[in-house]
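The values are calculated or read from the model by the stated rules, or taken from the named source; none is laboratory data. Treat the numbers as computed from the prediction; the structure is a model and nothing was measured. Positions of Cβ are generated from backbone atoms using ideal geometry, with glycine treated the same way; all protein chains shown enter the neighbour counts. Calculation scope for accessible area: heavy atoms of the full protein, side chains included, ligands and nucleic acids excluded. Shrake-Rupley method; radii C 1.70, N 1.55, O 1.52, S 1.80 Å.
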Amino acid sequence: MDSQITIVDHPLVQHKLTLMRDKEQPTAYFRQLLRETALLLAYEVTRDLPLETKRVETPIEVMDAPVLAGKKLCFVSVLRAGNGLLEGMLDLLPSARVGHVGLYRDPETLEAVEYYYKVPQDIGERLVIVVDPMLATANSGIAAVDRLKQGGARQLKFVCLLAAPEGVAAFTAAHPDVPLYTAALDRELNDHGYILPGLGDAGDRIYGTR
Ligand code: PRP
Ligand code: URA
């Protein structure tokens, strides 16, 4: 598989993911687990953020201490399930900027259909972290990144919770410059484009719509 993919195999991430896969997990717990997992994924995806130093005065002496350098990063949530990941990421980076790309998957063709787009004007000057729990065919992820690149984004990463091998192959072929982070790489897609074994429809699990 492509070197651009990072599987976040931290035991806490793996444990929480297993709890989320359980179809009996109530909506409130699923949402809470996703929020907690998102925070851990955010920790991993921000591991290489650049630092600079800032002079601070401790109660004892003055020092030059590390702080994040450059403009605040921008999360972009792929609606609607992306919002389930976004919340936990904002717990860790509360000052981040946020954009939204509204996409739904046509159930017949599995093509992504855009219905909303709003991102910060200066997106080209920020690290953009696109968040969507599921990378199945990758039609949605590819469309979101296509749209963001058209809108000027230049440095992007993509974070999901679950990916299918078919989706990873399609995504890395379309956007080899965009590193991919996932908690797990599942076995395959079924005939309806659902990830196996997966966790079902992420939006429905987060919002209790089915
Ligand atoms: C889900 C998911 C992804 C997409 C993944 O969204 O959140 O955006 O499917 O599938 P793909 O990789 O085959 O494109 P869905 O279209 O169900 O919309 P929702 O988030 O509004 O529920
Ligand atoms: N979208 C989901 O929410 N789940 C899948 O398994 C595939 C696409």
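The table below lists the values:
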quantity: Residues being closer than 25 Å to Glu108 by Cβ and within 16 Å of ligand 2 (Cβ to nearest atom) - total across region 139-160; calculated: 7
quantity: Which numbered condition Arg55 fails, given (1) open to solvent by 100 Å² or more (accessible area, probe 1.4 Å); (2) of a type outside the set (Gly, Ala, Ser); (3) part of a loop (DSSP other than H, G, I, E, B); calculated: (3)
quantity: Any hit, region 28-40, residues being without any contact (Cβ under 8 Å) to a residue 40 or more places away in the chain, in a loop (DSSP other than H, G, I, E, B) and either open to solvent by less than 100 Å² (accessible area, probe 1.4 Å) or under 28 Å from Met134 (Cα atoms) (or both); calculated: no
quantity: Hits in region 81-96 - residues which are open to solvent by 20 Å² or more (accessible area, probe 1.4 Å), more than 15 Å from ligand 2 (Cβ to nearest atom), in contact with a helix residue (DSSP H, G or I) (Cβ under 8 Å, 6 or more places away or on another chain) and not in a loop (DSSP other than H, G, I, E, B); calculated: Glu87, Asp91, Leu92
quantity: Residue match in region 60-73 (condition: part of a loop (DSSP other than H, G, I, E, B), under 25 Å from Ala169 (Cβ atoms) and either over 13 Å from the mean Cα position of the chain (by Cα) or at pLDDT 95 or above (or both)); calculated: no
quantity: For Val119: the one exception among (1) open to solvent by 40 Å² or more (accessible area, probe 1.4 Å); (2) over 20 Å from Val8 (Cα atoms); (3) more than 14 Å from ligand 1 (Cβ to nearest atom); (4) not small (Gly, Ala, Ser); calculated: (1)
quantity: Criterion (under 22 Å from Asp48 (Cα atoms) and not acidic (Asp, Glu)) met by exactly one of Thr172, Thr209; calculated: Thr172
quantity: Residues being within 9 Å of ligand 1 (Cβ to nearest atom) and more than 21 Å from Glu44 (Cα to Cα) - total across region 168-210; calculated: 12
quantity: Qualifying residue in region 194-206 (condition: open to solvent by 30 Å² or more (accessible area, probe 1.4 Å), assigned to a helix (DSSP H, G or I), touching a residue at least 40 places away in the same chain (Cβ under 8 Å) and under 17 Å from Val78 (Cβ atoms)); calculated: yes
